[in-house]
Structures are given as structure tokens and as C-alpha cells.
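The values are calculated or read from the model by the stated rules, or taken from the named source; none is laboratory data. Predicted, not measured: the structure shown is a model, and the values here were computed from it. Cβ atoms come from the backbone with ideal geometry, glycine included; neighbour counts cover every protein chain shown.
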Amino acid sequence: DLGFTLVTPYVTDFGLKKIESLLKTLADNFLDCEVVFNDFGVLRVLRDRYDGLKPIMGRLLVKITRDPRIMNILDILPEKSVEYYRTTNLTIGCVSEFLRKNRINRVEVDNVLQGLNLNLEVEDLRVSIHTPYIYVTTTRLCLIGSYGKPNAEIDVRIEPCKKECQRCTFKLENPAMPIPLIRKGNTVFYINNKQPPTGRNIDRIVFSPEIPI
């Protein structure tokens with residue numbers, strides 16, 4: 001049996017209302033459904049109104065160095081610095097306490113280029129690793145929406161959204177970058193085809209055959 005997992009993004013108040021309708025449908029029709037939250041507003045709604053759904057902290061809220069340029073200097077850094085750049089905020093005591101308090105038993109992380117140090121304080125915390133598209137950053141500006149338009153018509157606001165990103169993807173290259181970046185809509189990724197790490201807490205691989213947007 002395969003369970004169902006709803007993955008939710010960053011949201012505004014408007015987006016939160018749309019997500020809440022999905023949460024209600026899940027709560028009314030499915031038991032033990034997982035919901036990945038990448039916004040603390042979504043977690044609050046889950047805890048206040050839909051406590052039967054299982055919250056998973058998404059990879060956007062697991063903080064780690066995501067800039068691939070770290071690979072340009074990794075070989076010359078002291079060992080302690082290298083470990084720092086491989087470590088997430090999951091090793092911080094207050095974050096571990098937050099997870100316990102909110103009964104969050106699973107988190108998602110990216111298979112970042114520099115490697116991962118998952119020295120977790122919560123021993124029974126389960127970890128899902130995303131591959132091969134690694135999240136870098138998101139902006140409130142949408143350059144793709146103005147692609148091909150004359151200067152007088154350029155508008156980088158994200159609203160109204162006409163879903164231009166569903167029609168094109170941009171590959172970004174720069175001499176300072178060890179690998180190309182991929183821009184889809186207002187979000188940037190890179191590809192890491194390295195084998196994800198293994199460990200006692202890691203028990204799920206999230207494989208995306210295409211950019212997850």
C-alpha cells in the first residue's frame with residue numbers, strides 16, 4: 001500500500017485559504033494522511049484544526065547552505081568549517097524541541113552538493129531526501145512572466161499569474177558557478193545526480209523525474 005502525501009509551498013494569506021480547503025477534504029476522507037508544510041502558517045492550521053493529519057517539515061524550512069559556489073572553496077576550508085556547511089538547523093536544540101512539541105516525526109532535506117551531516121538530536125526523527133533537483137532559492141519576482149516582451153511591457157510582479165513557467169525553463173550559467181542553475185518560474189534549482197547519503201534516520205528518497213513545479 002502506498003500512502004498519500006500532500007506537499008504544500010510557501011503561501012500568502014490568500015494561498016493559505018486555498019490550502020485549508022484541501023486540508024479539510026483530506027481530513028474528511030483520509031486517515032493518517034501526510035502533509036508536508038513549507039510555511040509555518042500551514043503548520044498552525046494543521047495543529048489548530050486538522051490534528052489528525054501528519055505534519056512533515058518540508059525542505060524549505062530545513063536550513064543549510066544551498067549556494068553551489070560553496071564547492072569552489074570546500075577543499076581549502078578547515079575541517080570544522082566543512083562540517084558546518086554540511087550541517088542543518090535540525091541539530092539546534094530549540095529546533096529539536098519545536099519538532100517534539102508539535103509531534104513532527106519526519107523532515108525533508110535536499111541532497112546538497114557539499115554533503116549532509118545529519119547528527120540529529122531527535123534520534124527517532126525520520127528523514128526524506130530529495131533528489132536530483134536541489135532547491136536553491138525563491139523570489140517574489142517573476143522574470144519569466146516578462147520573457148520576450150518589449151521593455152515597455154516588462155512586469156515582474158507574481159500576480160496576476162498566467163503560468164508562463166509551465167511553458168519554458170531557463171538554464172543559467174556563470175563562470176563563478178561550478179554547475180548550471182535551473183530557473184523555473186520564480187524558483188531556482190540545480191541538479192545533483194550523486195547518490196544520496198544513507199543513515200539510521202534516512203528511510204525515504206523523494207525522486208523527481210522533472211522539476212517539481
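Worth pointing out:
- Any hit, region 69-77, residues being touching a strand residue (DSSP E or B) at 6+ places or on another chain (Cβ under 9 Å) and in a loop (DSSP other than H, G, I, E, B): no
- Total residues in region 172-189, condition among the small types (Gly, Ala, Ser) and either under 17 Å from residue 60 (Cβ atoms) or surrounded by 18 or more Cβ atoms within 10 Å (Cβ to Cβ) (or both): 1
- Contact map, region 118-139: residues that are farther than 15 Å from residue 86 by Cα and at pLDDT 95 or above paired with residues that are of a type in the set (Ser, Thr, Tyr) and part of a loop (DSSP other than H, G, I, E, B), Cβ distance under 9 Å, separation 6+ or inter-chain. Pairs shown: 130/208; 131/208; 132/208; 133/208.
- Selected residue (only one of 10, 85 is at pLDDT below 95, within 19 Å of residue 137 (Cβ to Cβ) and of a type outside the set (S, T, N, Q)): 10
- Within region 148-209, strands (runs of 3 or more DSSP E) holding 3 or more residues that are in contact (Cβ under 8 Å) with a residue 60 or more places away in the chain: 202-207
- Annotation: residue 41 fulfils all but one of (1) in contact with a helix residue (DSSP H, G or I) (Cβ under 6 Å, 6 or more places away or on another chain); (2) in contact (Cβ under 8 Å) with a residue 40 or more places away in the chain; (3) not in a loop (DSSP other than H, G, I, E, B); the unmet one is (2).
- Hey, residue 59 closer than 27 Å to residue 111 by Cα and either in contact with a Phe, Trp or Tyr (Cβ under 8 Å, 6 or more places away or on another chain) or not small (Gly, Ala, Ser) (or both) or not: yes
- Once region 199-213 is narrowed to residues that are out of contact with any Phe, Trp or Tyr (no Cβ under 7 Å at 6 or more places or on another chain) and over 13 Å from residue 128 (Cβ atoms), the residue that is modelled with the lowest pLDDT is 213.
- Selection of first residues in region 1-16 that are over 19 Å from residue 33 (Cβ atoms) and of second residues that are of a type in the set (A, V, I, L, M, F, W, C) and part of a loop (DSSP other than H, G, I, E, B), restricted to Cβ pairs under 9 Å at least 6 apart or on distinct chains, gives an empty result.
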